[in-house]
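Participant: I'd like to ask some things about the structure below.
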Amino acid sequence: MTRFPTMFILNSVAVLCFLYLPVAVLIVLSFNDSQMGVTWQGFSLRWYDKLFHNPAFLDAMINSLIIALASTGMSLLLGVGTAIGMERLRGRAVSFINMGLVLPLVIPEILLGVALLMMFVLIRMPLGFLTIMLGHGVFSLPLTIVIIRARLRKLDPTWEDAARDLGADSWRVLTHVTLPLLKPAIVGAALLAFTVSLDDFVVTFFVAGPGSTTLPLKVFSMIKTGMTPEINALSALLVLVSILGVGCSWCYQQRVGRYAEKRLL
């Protein structure tokens with residue numbers, strides 16, 4: 001009986017090593033004092049110092065933050081209403097609408113990037129910040145809808161019914177009952193959409209224009225001139241931000257979701 005738990009534990013450890021060992025190596029090498037990326041010669045923070053004194057890196061970081069915030073705001077603005085509306089719909093067409101909303105998440109990113117580029121060229125929209133924001137919204141909006149709908153399905157409908165019985169109209173039910181209960185999912189979806197937008201490279205590569213270089217594009221351009229510890233430092237920062245964003249999203253939904261109904265009381 002003890003063999004199976006031990007086997008499962010070892011399997012879990014092996015999977016975690018397979019997933020995160022390359023990331024750990026990257027982070028460790030970002031503190032390497034050597035000019036060569038893979039030869040350890042001592043601990044040093046000079047590559048991070050050099051990175052933060054690089055104007056091109058700072059411009060790319062500001063661009064990435066602006067685009068990620070804008071696309072996240074657009075996804076929340078459209079996604080919350082769409083998710084609530086989809087949960088109220090009934091009929092045969094709902095399954096087709098659901099498939100259409102989730103489809104951008106499973107389409108290969110390179111095809112999505114080419115399709116967006118062709119559309120922007122056809123409508124003669126200049127490539128830049130706006131096209132990147134719209135491109136990121138294509139895959140972050142379905143992600144937001146999926147997360148919020150998952151939370152909606154767990155809500156007890158008697159909360160809304162009780163509010164209506166007490167004389168609340170539809171707007172008051174939405175703002176005082178539904179949205180407060182959806183707050184964990186909304187915050188979690190925002191953090192996840194922000195992280196996904198900040199990390200995206202493929203779609204950004206196709207729809208970016210002059211002067212709209214993001215951090216992933218900056219990493220790609222730096223690799224062309226050769227691997228240096230400075231690239232390791234930039235990559236490590238992107239990885240840490242991604243892990244932090246996803247981790248905060250998960251923790252917030254787990255903690256706040258347990259007490260949302262109690263706070264409503």
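The values are calculated or read from the model by the stated rules, or taken from the named source; none is laboratory data. Since we're looking at a predicted model, the values are computed, not measured. Neighbour counts run over all protein chains shown; Cβ positions are idealised from the backbone, glycine included.
Per-residue answers, yes or no, for (1) outside any helix (DSSP H, G or I); (2) modelled with pLDDT of 80 or more; (3) not hydroxyl-bearing (Ser, Thr, Tyr):
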| position | (1), (2), (3) |
| --- | --- |
| Ile145 | no, yes, yes |
| Asp156 | yes, no, yes |
| Ala162 | no, yes, yes |
| Arg172 | no, yes, yes |
| Thr175 | no, yes, no |
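Participant: Considering only region 103-130, state which residues are outside any helix (DSSP H, G or I), out of contact with any Gly (no Cβ under 9 Å at 6 or more places or on another chain) and of a type outside the set (D, E, K, R).
Facilitator: Ile107, Pro108, Ile123, Met125
Participant: Would you point out the residue of region 194-236, among those that are aliphatic (A, V, I, L, M) and in contact with a His (Cβ under 8 Å, 6 or more places away or on another chain), that is modelled with the highest pLDDT?
Facilitator: The residue in question is Val203.
Participant: Hey, another quick one. Determine which member of the set Met86, Met133 is surrounded by 12 or more Cβ atoms within 10 Å (Cβ to Cβ), out of contact with any His (no Cβ under 9 Å at 6 or more places or on another chain), in a helix (DSSP H, G or I) and modelled with pLDDT of 90 or more.
Facilitator: Met133
Participant: Looking at Ser95, Ser75, can you tell me which residue is of a type in the set (Ser, Thr, Tyr), part of a helix (DSSP H, G or I) and within 16 Å of the chain's Cα centre (by Cα)?
Facilitator: Ser75
Participant: Is there a residue in region 216-231 that is assigned to a helix (DSSP H, G or I) and under 15 Å from the mean Cα position of the chain (by Cα)?
Facilitator: Yes, region 216-231 contains at least one residue that is assigned to a helix (DSSP H, G or I) and under 15 Å from the mean Cα position of the chain (by Cα).
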